[in-house]
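To start, the structure itself, in structure tokens.
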Amino acid sequence: MKTEPLISIIVLNLNEKEILRDCFETLREQSYKNFEIILVDNGSTDDSVSFVKENFPEVNIIANEQNLNFAVGNNQGFKIAKGKYIVTLNNDTQVEKKWLENLVITAEKDQKIGMCASKILSIKDPKQIDSVGINICLDGMTRGRGRLEINDGQYEKTEEILFPSACAALYRREMLDEIGFFDEDFLAYCEDSDLGLRGRFAGWKAFLAPEAVVYHYYSLTNKKYSSLKAFLVERNHIWLAVKFFPPELLLLFPFLTLYRFALQFYAALTKKGATSEFLGQYSFLDAITIIFKAYFDAFKKLPLFIKKRRI
């Protein structure tokens, strides 16, 4: 590249002082040097803020008194970011030396590329793919593209995708100035899907940068099968569908959702899959309660999301 545009990297944190060291040390080793780091701390009680001030003085810090969740916290970082590109990076990640360089090279290939996805691999098993972008199911549920596949050279092309996972995503500031940042009603989960679809609807492209490699602890902060995560995922996918899906697909939404519930019930009976693992920690009654709470909360705000759909 003839010039190196400034990149703003936003890292959200809540009581994960120990893993911040690994994340920030890999950022220090980047081949691409023109970047700033913004730590948004969501009310940590483990001295994360003082630890970063002492060990990584180059980091800009926003210290919240309480947990404002993923969408609000990242939006705070966006408001003070100075870069041409803004990168969201989970604190439970470690990045390869040329990660940022390869993200920027991909973004600079076309002025209409508004988003770039990293190749995210499991930190516990580097041969296993976490995601190479995000796909959306017919019932509004989202899933990491390539998730749980063995990384065997099948995602080595710089290719167009639907949109990236905000775990490690680059966003062009010009696109964000046009469409806005995360929808704060989502709090967490599906907020990156919402942002990605708004970008695509506005005519921006999304590409995978296959050589921008990140290693990730999956669901370390909210735990793999937490009740909060289950509630947010179940509620937010309804809002995502209401906001974006075409009318004919919305008509099928109840039937597709019932079909998914039937598959999950079967998985629980046969003790297979994520549903079975969730019920290993929670009772069947807990699962039903979470679903009812999610739908109740979703339907309370349906008028608001219909309004957002019109916009």
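The values are calculated or read from the model by the stated rules, or taken from the named source; none is laboratory data. Computed from a prediction, not measured in an experiment: that's the story for all the values here. Backbone-built Cβ (ideal geometry, glycine too); neighbour counts: all protein chains shown. We work out accessible area using only protein heavy atoms, side chains counted, and drop any ligands, DNA or RNA first. Shrake-Rupley method; radii C 1.70, N 1.55, O 1.52, S 1.80 Å.
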Considering only protein heavy atoms, with the full assembly of protein chains and a 1.4 angstrom probe, order V233, V213 by accessible area, largest first.
V233, V213
Which pairs, out of K119/K272; K98/K127; K97/K229, put more than 21 Å between their alpha-carbon atoms?
K119/K272; K97/K229
Calculating Rg/Rh (Cα atoms, Kirkwood Rh) from this structure picks out, from (i) 0.96; (ii) 0.98; (iii) 1.09, entry (i)
Residue-ordered couplings for region 111-116, obtained by feeding phi - 60° into the Karplus form 6.51 cos²θ - 1.76 cosθ + 1.60 and rounding to whole Hz (Gly and Pro as x), are 5, 9, 7, x, 9, 10
Over the chain: helical MRE at 222 nm, DSSP H runs n ≥ 4 each giving -39500 (n - 2.57), nearest 500
-13500 deg cm²/dmol
Pairing the Cα long axis of helix 17-28 with the longest principal axis of the chain, what angle in degrees results, from 0 to 90 and rounded to the nearest 10?
50
Quote the relative contact order of the chain in percent (integer), defining contacts as alpha-carbon pairs under 8 Å separated by 6+ residues.
18
Counting alpha carbon pairs within less than 8 Å and at least 6 residues apart, what relative contact order, in whole percent, applies to region 58-170?
27
Report the one residue of F51, F284, L263 whose Cα lies farthest in the direction of the positive end of the charge dipole of the chain (charges on C-beta: Lys and Arg +1, Asp and Glu -1; origin at the Cα centre).
L263
Keeping the other protein chains in place, figure out the carbon and sulfur percent of the accessible area of the chain, with a 1.4 Å probe.
56
Straight-line reach from K53: which aspartates and glutamates fall under 19 Å, measuring Cα to Cα and dropping same-chain residues less than 8 apart?
E16, E18, D22, E25, E29, E36, D41, E65, D92
Relative to the longest principal Cα axis of the chain, at what angle does helix 227-244 sit, 0 to 90 degrees, rounded to 10?
90
Please report the spacing between the Cα centers of region 9-65 and region 133-208 in Å, no decimals.
24
Compute the angle between helix 284-300 and the longest alpha-carbon principal axis of the chain, please, reported from 0 to 90 degrees and rounded to the nearest 10.
80
HN-Hα couplings for region 265-282 via Karplus (6.51, -1.76, 1.60; θ = phi - 60°), in whole Hz with x for Gly/Pro, come out as 5, 5, 4, 5, 5, 8, 6, 10, x, 5, 4, 5, 5, 4, 6, x, 10, 10
Ordering of 78-89, 164-175, 6-17, 45-56 by packing [mean C-beta count within 10 Å, highest first]
164-175, 6-17, 78-89, 45-56
Send over a whole-number figure in Å² for the accessible area per residue of the chain, probe 1.4 Å.
48
Sorted on mean Cβ neighbours within 10 Å (highest first), peptides 199-206, 258-265 come out as 199-206, 258-265
Shape of region 162-311 from its Cα gyration tensor (a ≥ b ≥ c, root eigenvalues): rounded if a/c is under 1.5, otherwise prolate when a/b > b/c, or oblate?
oblate
